[in-house]
Amino acid sequence: RRAAVPAEAAPALAEFGNRVREYIWSLPLRPGTTPLKFAPDYEQWLVEAMRHGDYDDFWKNAGSSVVDHLAEYSDVPVYHVTGWYDTWGTQVANMNYVELKKAKKSPQRLIIGPWTHGGQTRAYAGEAEFTADAALDFDAWRQRWLDRWLKGVQNGVDAEAPVRVYVMGGGEPHKTKDGRLFVGGRWRDEREWPLARTAYTPYYLQPGGGLSPEKPRESAPTKYVFDPRKPVPTLGGNISSQGTLMFQGAADQKCRKDFWLCEDTLPLSARNDVLVFQTPPLDRDIEVTGRLVVKLFAASNAPDTDFTAKLIDVYPPGRDYPNGVDLNIGDSIVRARYRNGAGKAAGPLTPGQPAEFTIEMYPTSLVFRKGHRIRVDVSSSNFPRFDVNPNTGEPLNDNRRWQIAENAVFHDPAHASHILLPVIPASGSTTGR
């Protein structure tokens with residue numbers, strides 16, 4: 001009602017919201033063609049955001065970026081809060097905290113829990129449940145910080161560790177009373193972010209679907225067909241708001257009828273347009289805490305396409321989960337025209353010519369348990385979390401054509417696609433509390 005211009009158009013905007021799936025499926029969004037024209041300020045912003053791919057002043061404004069405006073921020077104590085399934089994990093942890101800590105003298109603190117966006121008071125994220133202490137009494141927690149710096153109360157908050165992370169995993173898997181998978185975990189104090197003791201370890205995509213610290217042997221690339229009219233459906237992830245489009249947080253990567261766009265109940269790994277690379281069952285626990293970066297060598301016969309990467313914790317079969325669980329840990333995407341970085345679009349791809357792509361997921365902290373597998377899925381869509389690339393090279397949010405692409409992922413010594421895992425040595429993973 002507040003947005004409608006004229007006011008009589010409010011019912012049309014409400015109906016637009018009721019039909020959001022249909023409108024999302026019919027993207028691109030062009031000005032003046034949908035009921036959003038009755039909310040002109042919002043429509044103008046949304047259309048421009050969806051077509052503006054270059055990282056320039058549009059995205060560097062103070063409402064979108066902290067790190068481009070460090071000098072404008074007051075030198076005051078700041079507690080940075082985010083979650084492993086939050087939409088702002090990368091910006092809060094890897095950017096804002098790191099850069100403000102370097103630029104300011106006042107205390108900067110960071111806490112990262114197993115939360116979705118705004119989920120600090122819950123001990124679960126989507127289908128995954130953690131220990132009860134994963135949930136914060138958030139108001140009391142904030143008041144303690146504010147009492148120290150606004151009232152001068154000597155409550156010891158300034159003497160605490162500068163970084164506190166919740167390390168997910170390690171619990172004995174079972175179905176909780178609320179029907180969630182018990183993942184477990186624990187809080188741990190740290191001195192810095194990223195952790196200084198991190199052993200960055202490449203796990204290479206192998207021909208035949210393996211994933212290993214060993215470099216791949218000579219092999220032909222793995223090819224697949226990406227049809228933008230049949231995208232891989234989004235099953236959980238770092239999603240801000242849970243509505244009729246997507247499910248927030250952790251989710252078993254198997255289709256269900258209550259997930260939009262799922263046409264069956266098969267695992268995503270059964271799709272021909274999802275490439276699966278996984279380790280053998282682990283012979284020991286492996287903790288991964290920090291940034292998740294994929295270096296992918298790939299090609300396409302299309303002038304532009306997308307490549308997605310997803311990190312998955314593969315649970316073996318158990319009493320409550322006889323099919324095991326494919327639990328999503330992180331995911332992200334790169335549009336081929338931005339293969340050289342987000343600053344400015346590059347030219348079209350050379351058909352069949354491998355190019356290097358960097359895909360950075362949100363950071364995480366998780367113990368892959370002994371007997372589990374570490375898995376990386378590569379594809380070209382994750383919809384509606386990301387808009388579908390029509391593969392035509394047309395301007396963003398202004399395509400009128402669609403093209404099926406034949407994409408290829410390389411895994412050979414000269415094109416050693418890999419995920420760089422931030423492995424925490426076992427001797428360090430037992431410290432803290």
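Of all residues in the range 128-156, those being open to solvent by 40 Å² or more (accessible area, probe 1.4 Å) and either of a type in the set (Lys, Arg) or touching a residue at least 60 places away in the same chain (Cβ under 8 Å) (or both) number 4.
Looking only at the range 68-90, filter to residues that are part of a helix (DSSP H, G or I) and either at pLDDT below 95 or not hydrophobic (A, V, I, L, M, F, W, C) (or both); which one of those is surrounded by the most Cβ atoms within 10 Å (Cβ to Cβ)?
Result: 89.
Does residue 261 meet the test of being in contact with a strand residue (DSSP E or B) (Cβ under 6 Å, 6 or more places away or on another chain) and hydrophobic (A, V, I, L, M, F, W, C)? Against the criterion (in contact with a strand residue (DSSP E or B) (Cβ under 6 Å, 6 or more places away or on another chain) and hydrophobic (A, V, I, L, M, F, W, C)), residue 261 qualifies. Taken over the range 349-379, the criterion of being polar (S, T, N, Q), open to solvent by less than 50 Å² (accessible area, probe 1.4 Å) and more than 17 Å from residue 185 (Cα to Cα) is satisfied by 379 alone.
Matching residues to (1) part of a loop (DSSP other than H, G, I, E, B); (2) among the acidic types (Asp, Glu); (3) in contact (Cβ under 8 Å) with a residue 40 or more places away in the chain:
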| residue | (1), (2), (3) |
| --- | --- |
| 167 | no, no, yes |
| 177 | yes, no, no |
| 197 | yes, no, yes |
| 203 | no, no, yes |
| 214 | yes, yes, no |
| 219 | yes, no, yes |
| 241 | yes, no, yes |
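Across the range 26-46, the number of residues qualifying as touching a residue at least 24 places away in the same chain (Cβ under 8 Å), closer than 24 Å to residue 261 by Cβ and not charged (D, E, K, R) comes to 4. Restricting 42, 23 to those that are open to solvent by 40 Å² or more (accessible area, probe 1.4 Å), within 27 Å of residue 391 (Cβ to Cβ) and in a helix (DSSP H, G or I) reduces the list to 23. Sub-8 Å Cβ pairs linking a first residue in the range 94-113 that is among the aromatic types (Phe, Trp, Tyr) to a second residue that is open to solvent by less than 30 Å² (accessible area, probe 1.4 Å), at least 6 apart or interchain, are 97/80; 97/108; 97/110; 97/193, ordered by first then second residue.
Just give me the residues in the range 107-127 being assigned to a strand (DSSP E or B), open to solvent by 10 Å² or more (accessible area, probe 1.4 Å) and farther than 22 Å from residue 160 by Cα, in sequence order.
Across the range 107-127, the qualifying residues are 124, 126.
Those strands (runs of 3 or more DSSP E) of the range 316-433 in which 2 or more residues are out of contact with any Cys (no Cβ under 7 Å at 6 or more places or on another chain), among the polar types (S, T, N, Q) and at pLDDT 95 or above occupy 325-335, 364-368.
Consider only pairs whose beta carbons are under 6 Å apart and that are at least six residues apart or on different chains; among these, list those whose first residue lies in the range 401-421 and is within 13 Å of residue 225 (Cβ to Cβ) and whose second residue is crowded, with 20+ Cβ neighbours inside 10 Å and among the aromatic types (Phe, Trp, Tyr). Listed pairs, sorted by first residue: 405/226; 407/226. For the range 230-254, how many residues meet the condition of being open to solvent by 10 Å² or more (accessible area, probe 1.4 Å) and touching a helix residue (DSSP H, G or I) at 6+ places or on another chain (Cβ under 9 Å)? So the answer is 4.
Tallying residues that are surrounded by 14 or more Cβ atoms within 10 Å (Cβ to Cβ) and among the acidic types (Asp, Glu) within the range 55-67 yields 0. When the range 319-348 is filtered for residues that are loosely packed, with under 13 Cβ neighbours inside 10 Å and of a type in the set (Gly, Ala, Ser), the ones remaining, listed by number, are 341, 343, 347.
Taking the range 279-301 as the range and being assigned to a loop (DSSP other than H, G, I, E, B) and surrounded by fewer than 23 Cβ atoms within 10 Å (Cβ to Cβ) as the test, the residues that pass are 279, 280, 281, 282, 283, 284, 285, 291, 301.
The values are calculated or read from the model by the stated rules, or taken from the named source; none is laboratory data. The shown structure was predicted, so the numbers you read here are calculated from the model rather than taken from an experiment. So basically every Cβ, Gly included, is an ideal-geometry build from the backbone, and we count neighbours across all protein chains shown. Each accessible area value is taken on the protein alone, full model and side chains, heavy atoms only, with ligands, DNA and RNA left out. Shrake-Rupley method; radii C 1.70, N 1.55, O 1.52, S 1.80 Å.
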